[in-house]
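**Student:** My questions will all concern the structure given below.
The values are calculated or read from the model by the stated rules, or taken from the named source; none is laboratory data. This one's a predicted model, so the numbers in the text were calculated from it and none came from an experiment. Glycine gets a Cβ as well: all are built from the backbone with ideal geometry, and neighbour counts include every protein chain shown.
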Amino acid sequence: MQLLCPSTYLAEGQSRGFALAELRLLAVRQQGRVYLYENRCPHRGVPLEWVADQFLDHSGSLLQCSTHGALFLIDNGECVAGPCAGQSLRALPCQEDAQGIWLLEHP
């Protein structure tokens, strides 16, 4: 297990990026739950954000790839619009406890 951050670092409706060695991650909190994905667009293999910790679209309801605008559902990582429609971000197992948000398995 790897501690990513204290829970207070990821407020409701916010996103945050992390780097662990070669692995880039993104976390987002929606409706009190934390979702964790590899920060890698399935279309081009590039990171999603264009500014640090900015992974959400203007509505705050979808993850967005800054390179070509692909939109992903927060709860399962599925691409619902863009060149990689039908593909998904790679979800990573995480948990939250009193210490913070943890990556459970390092792939």
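**Student:** Looking at segment 32-46, which of the residues that are touching a residue at least 12 places away in the same chain (Cβ under 8 Å) and assigned to a loop (DSSP other than H, G, I, E, B) is farthest from SER66 (Cα to Cα)?
**Tutor:** Restricting to residues being touching a residue at least 12 places away in the same chain (Cβ under 8 Å) and assigned to a loop (DSSP other than H, G, I, E, B), the top hit is GLY32.
**Student:** Within segment 55-88, which residues are part of a strand (DSSP E or B), more than 15 Å from GLN14 (Cα to Cα) and in contact with a His (Cβ under 9 Å, 6 or more places away or on another chain)?
**Tutor:** CYS79, the sole residue that qualifies.
**Student:** Are there any pairs, at least 6 apart or on different chains, whose C-beta atoms fall under 7 Å, with the first in segment 69-85 and on the phi > 0 side of the Ramachandran plot and the second part of a strand (DSSP E or B) and surrounded by 12 or more Cβ atoms within 10 Å (Cβ to Cβ), and if so, which?
**Tutor:** Qualifying pairs under 7 Å: GLY77/TYR37; GLY77/SER88; GLY77/ALA91; GLY82/LEU71.
**Student:** Quickly run through segment 81-107 and pick out the residues that are under 16 Å from the mean Cα position of the chain (by Cα), modelled with pLDDT of 95 or more and surrounded by fewer than 12 Cβ atoms within 10 Å (Cβ to Cβ).
**Tutor:** Once the filter is applied, which keeps residues that are under 16 Å from the mean Cα position of the chain (by Cα), modelled with pLDDT of 95 or more and surrounded by fewer than 12 Cβ atoms within 10 Å (Cβ to Cβ), segment 81-107 yields only PRO93.
**Student:** Sticking with this one: Tell me which residues, restricted to segment 40-54, are surrounded by 17 or more Cβ atoms within 10 Å (Cβ to Cβ) and either of a type in the set (Lys, Arg) or under 14 Å from ILE74 (Cβ atoms) (or both).
**Tutor:** We begin by selecting, within segment 40-54, every residue surrounded by 17 or more Cβ atoms within 10 Å (Cβ to Cβ); these are 40-42, 47-49.
Answer for segment 40-54, where residues must be surrounded by 17 or more Cβ atoms within 10 Å (Cβ to Cβ) and either of a type in the set (Lys, Arg) or under 14 Å from ILE74 (Cβ atoms) (or both): ARG40, LEU48.
**Student:** Just to be sure before I move on: is LEU4 touching a residue at least 60 places away in the same chain (Cβ under 8 Å) and not aromatic (Phe, Trp, Tyr) in the structure I sent? Break it down into steps so the answer makes sense when it comes.
**Tutor:** Numbers: touching a residue at least 60 places away in the same chain (Cβ under 8 Å): yes; not aromatic (Phe, Trp, Tyr): yes.
Criteria met by LEU4.
**Student:** Does LEU10 qualify as being touching a Leu at 6+ places or on another chain (Cβ under 9 Å), under 14 Å from ALA91 (Cα atoms) and either surrounded by 12 or more Cβ atoms within 10 Å (Cβ to Cβ) or touching a residue at least 60 places away in the same chain (Cβ under 8 Å) (or both)?
**Tutor:** no
**Student:** Regarding GLU22, is this residue at pLDDT below 95, of a type in the set (Asp, Glu), within 30 Å of GLN99 (Cβ to Cβ) and surrounded by 14 or more Cβ atoms within 10 Å (Cβ to Cβ)?
**Tutor:** In short, no.
**Student:** Okay, moving on. Of these, GLN2, GLN64, GLN14, which one is over 12 Å from the mean Cα position of the chain (by Cα) and not hydroxyl-bearing (Ser, Thr, Tyr)? Write out each step before concluding.
**Tutor:** Details: GLN64 fails: over 12 Å from the mean Cα position of the chain (by Cα); GLN14 fails: over 12 Å from the mean Cα position of the chain (by Cα).
Only one candidate qualifies: GLN2.
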